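What follows is a short report on a single structure.
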């Protein structure tokens, strides 16, 4: 369950942006011969529906129904023909909040979202061609409900269709990622310099991120890089070594980024940190290729293809890599003078022939 404030900013995410994304989806639907698209969402797979409507669930699940403009799925006076409908497994009491934070034509409440979503489409066109985003990973119960309520619907997987749209970020998406990165940087800079234990560091980072408007923040740490370079969620108090690393994963208006910094208490590693930062930026600039990361001890590139906000795309331990595109988060372990340096920042992967660039401007601490 999300714990931060979820709201919508008409300045950062205006209706025109969401309408343009919807128009791009409908154009792709027309090219694929689809009458409608369904998009599933929950609090861990929120990004696809959030990208189209601004809706981010605190908990539970929902199904967005996006018909072609000429297909009227809800015969209600005043409702724009073909406007998206959000079918949610939430009580009616959250309806005003959903309407304030989302751009949808109507919100329908029901415990069986698949059944109602299919019923709406089957009533409008019994044999409609329906693309379900990431259908192959939809839970069996919802898939069964789609078949029960729409036995003649022609259902196919629209995951790759949707991923192709997400691969080309618009200015609003880039700006939200930069805002999330700024929050992460400022939160990490709030770490108390003389803290002996992990509790004070984690508390300061999370508290500052939430104060700055993060709708969610997860803090991980490698408390002593001389012993272990793994970033883990800290349970209880851990003593911090002379060199440690902290990662802040921050969500803002549906945009997730990760930022990782290495802290050296000795204060004598400025040159090493600068060299590691330069090497990191040079490797990022070679994305979507991974050649620049070859000298590193390890690396990971995460991004949003469909619904998961930080899906592993490429890395030292990613068995089936995918070419990263759009806004991604990159992490790396770089060994400098025999000492590991952990770094991480969001980056923008450009079009073919364009160098990728790091979006976070903050230095290491």
The stretch 90-105 residues that are in the same structural domain as residue 61 (by TED's automatic domain parsing) and at negative phi, paired with ones that are assigned to a helix (DSSP H, G or I) and surrounded by 14 or more Cβ atoms within 10 Å (Cβ to Cβ) (beta carbon under 6 Å, 6 or more apart): 102/53; 103/18; 103/53; 104/53
Pair list, Cβ < 8 Å and 6+ apart or interchain, from the stretch 206-227 residues that are at positive phi and not assigned by TED's automatic domain parsing to the domain that holds residue 265 to residues that are surrounded by fewer than 22 Cβ atoms within 10 Å (Cβ to Cβ) and assigned to a loop (DSSP other than H, G, I, E, B): none
Residue 190 being part of a loop (DSSP other than H, G, I, E, B) and either crowded, with 19+ Cβ neighbours inside 10 Å or modelled with pLDDT of 95 or more (or both): yes
All positions within the stretch 54-70 that are more than 17 Å from the chain's Cα centre (by Cα), at pLDDT 85 or above and surrounded by fewer than 24 Cβ atoms within 10 Å (Cβ to Cβ): 60, 68
Residue among 329, 316 that is assigned by TED's automatic domain parsing to the domain that holds residue 218 and over 20 Å from the mean Cα position of the chain (by Cα): 316
Selected residue (only one of 246, 205, 284 is under 24 Å from the mean Cα position of the chain (by Cα), within 30 Å of residue 101 (Cα to Cα) and surrounded by 18 or more Cβ atoms within 10 Å (Cβ to Cβ)): 205
Subset of the stretch 311-349 that is in contact (Cβ under 8 Å) with a residue 24 or more places away in the chain and part of a loop (DSSP other than H, G, I, E, B) - its residue that is farthest from residue 159 (Cα to Cα): 337
Number of the condition not met by residue 216 [criteria: (1) within 19 Å of residue 328 (Cα to Cα); (2) over 21 Å from the mean Cα position of the chain (by Cα); (3) modelled with pLDDT under 95]: (2)
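The values are calculated or read from the model by the stated rules, or taken from the named source; none is laboratory data. Quantities reported herein were computed from a predicted structural model and do not represent experimental measurements. As a convention, Cβ positions derive from the backbone with ideal geometry for all residues, glycine included, and neighbour counts pool all protein chains shown.
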